[in-house]
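I have placed the structure first, in the form of structure tokens, so that the comments after it can refer back to it.
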Amino acid sequence: MKGIVIIVPCLVLLLLTACSSQKNMFVLLPDQDGKVGSIEVINDKGSSVANKPGECVSVAGSNSKPQAAPALNDAQVRATFAEALAIEPLQPQSFLLYFKTDSFELTNGSFELLQPILAAINKTQSTDVSVIGHTDTAGSKEYNFTLSTKRAQTVRDLLVKRGVDPVIIEVSSYGEADLLVPTADNVKEPKNRRVEVIIR
Amino acid sequence: MHRIVSFLLLFVLAAPWPVFAADDFAGSVKNVQGSVSVKRQKMELKAARGMKIYAHDVITTGKDGSVGIILRDNTVFSLGPESELELKEYVFVPDQGSFAVLARMVRGTFVYMSGLIGKLSPDSIKIETPVGTIAIRGTRFAAKIAGN
């Protein structure tokens, strides 16, 4: 009995360390929101899927079948990938600013979002900010393209006026081509009259 | 209405900044530590924070090096020491529905995180390694590649 008590934890330990000692391995991780998808490792000899956090696929070489290996716990993940995890950038942040109808004037609520946007740019020391203009489907495509461009430029100017280096801002516009809320043509939809600011 | 359009058009045409960024960069270096180089055509550049990354770039870290890169669609690649990543192809044109991520993890340690392409068109993402390719469904994973 005593023997089993010792052997079982040893076996468990052996199994747990198995994946982290592999030459080639792929470990599924949760994203920053805790969500987990799946990966499949494929070569000529076969394939193997990981779809739970910490699950591991190991491959001995290009002539070996990918195989499910015991999952890694957090400590093992941190130990094996310490440097890559330490340098991993935060997921880019995205803000939506809304506009009054047929106008490039921000809604009052959206104007108040400028401060959090500036704070995020400073905090992450971002060197890559996208400002992307959109409209709803009221009006012609050409008119809306121009309007979305003006909206994006308005936001760009507001950020630059508040100290953001214009060099790091990329402005683009989609007109009515990329609706947040799908609608028929010629529909006024406040949620589609927006500029998205992405801070990378 | 026409007058407003003409006025706006004039404004757009006269704007000193590009309305559409003509620059076709794939992403940029967000975090960098130690020695990290970027091979572009025949040049070898020292990676620096904010540096733009293009398709066909090969990113290599030294013994003390690590680097984090964010691509246009928010895909994130992080490399630990003695690692090499080749960004073979990158297309992100959402309004035309064209997407492609083709990268090769040559050796080392990596953390990968899907971006918008992972949501909009997961089949457009292909990660190669010397021991197999990886199909990804909107997620984050770590890889250690030592080879054969």
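Given (1) farther than 26 Å from residue A:177 by Cβ; (2) modelled with pLDDT of 95 or more; (3) not in a helix (DSSP H, G or I), identify the lone condition not met by residue A:116.
Failing condition for residue A:116: (3).
With the checklist (1) hydroxyl-bearing (Ser, Thr, Tyr); (2) in a loop (DSSP other than H, G, I, E, B); (3) within 18 Å of residue A:165 (Cα to Cα) in hand, flag the one item residue A:130 doesn't pass.
In the conditions (1) hydroxyl-bearing (Ser, Thr, Tyr); (2) in a loop (DSSP other than H, G, I, E, B); (3) within 18 Å of residue A:165 (Cα to Cα), residue A:130 misses (2) alone.
Say whether the condition of being at the interface with another protein chain (Cβ under 10 Å from one of its Cβ atoms), modelled with pLDDT of 95 or more and farther than 17 Å from residue B:114 by Cβ is met by at least one residue in the stretch A:2-21.
The answer is no, given that none of the residues of the stretch A:2-21 is at the interface with another protein chain (Cβ under 10 Å from one of its Cβ atoms), modelled with pLDDT of 95 or more and farther than 17 Å from residue B:114 by Cβ.
Here is a list: B:53, B:59. Which entry is touching a strand residue (DSSP E or B) at 6+ places or on another chain (Cβ under 6 Å) and more than 20 Å from residue B:147 (Cβ to Cβ)?
On the way: B:59 fails: more than 20 Å from residue B:147 (Cβ to Cβ).
So the residue among B:53, B:59 that is touching a strand residue (DSSP E or B) at 6+ places or on another chain (Cβ under 6 Å) and more than 20 Å from residue B:147 (Cβ to Cβ) is B:53.
Give the number of residues within the stretch B:36-49 that are surrounded by 15 or more Cβ atoms within 10 Å (Cβ to Cβ) and in a loop (DSSP other than H, G, I, E, B).
Result for the stretch B:36-49: 1.
Assess whether residue B:63 counts as being part of a strand (DSSP E or B), surrounded by fewer than 24 Cβ atoms within 10 Å (Cβ to Cβ), modelled with pLDDT of 95 or more and not hydroxyl-bearing (Ser, Thr, Tyr).
On the way: part of a strand (DSSP E or B): no; surrounded by fewer than 24 Cβ atoms within 10 Å (Cβ to Cβ): yes; modelled with pLDDT of 95 or more: yes; not hydroxyl-bearing (Ser, Thr, Tyr): yes.
When the stated conditions are applied, residue B:63 does not pass them.
Which of (1) in a loop (DSSP other than H, G, I, E, B); (2) at the interface with another protein chain (Cβ under 8 Å from one of its Cβ atoms) does residue A:77 not meet, given it meets every other one?
For residue A:77, the failing item is (1).
Criterion first (closer than 15 Å to residue A:195 by Cβ, among the hydroxyl-bearing types (Ser, Thr, Tyr) and outside any strand (DSSP E or B)) does residue A:137 satisfy it? Break it down stepwise before answering.
Values: closer than 15 Å to residue A:195 by Cβ: no; among the hydroxyl-bearing types (Ser, Thr, Tyr): yes; outside any strand (DSSP E or B): yes.
So residue A:137 does not fit the description; no.
The values are calculated or read from the model by the stated rules, or taken from the named source; none is laboratory data. Because the structure is a prediction, the values reported are computed rather than measured. Cβ: placed from backbone, ideal geometry, glycine included. Neighbour counts: every protein chain shown.
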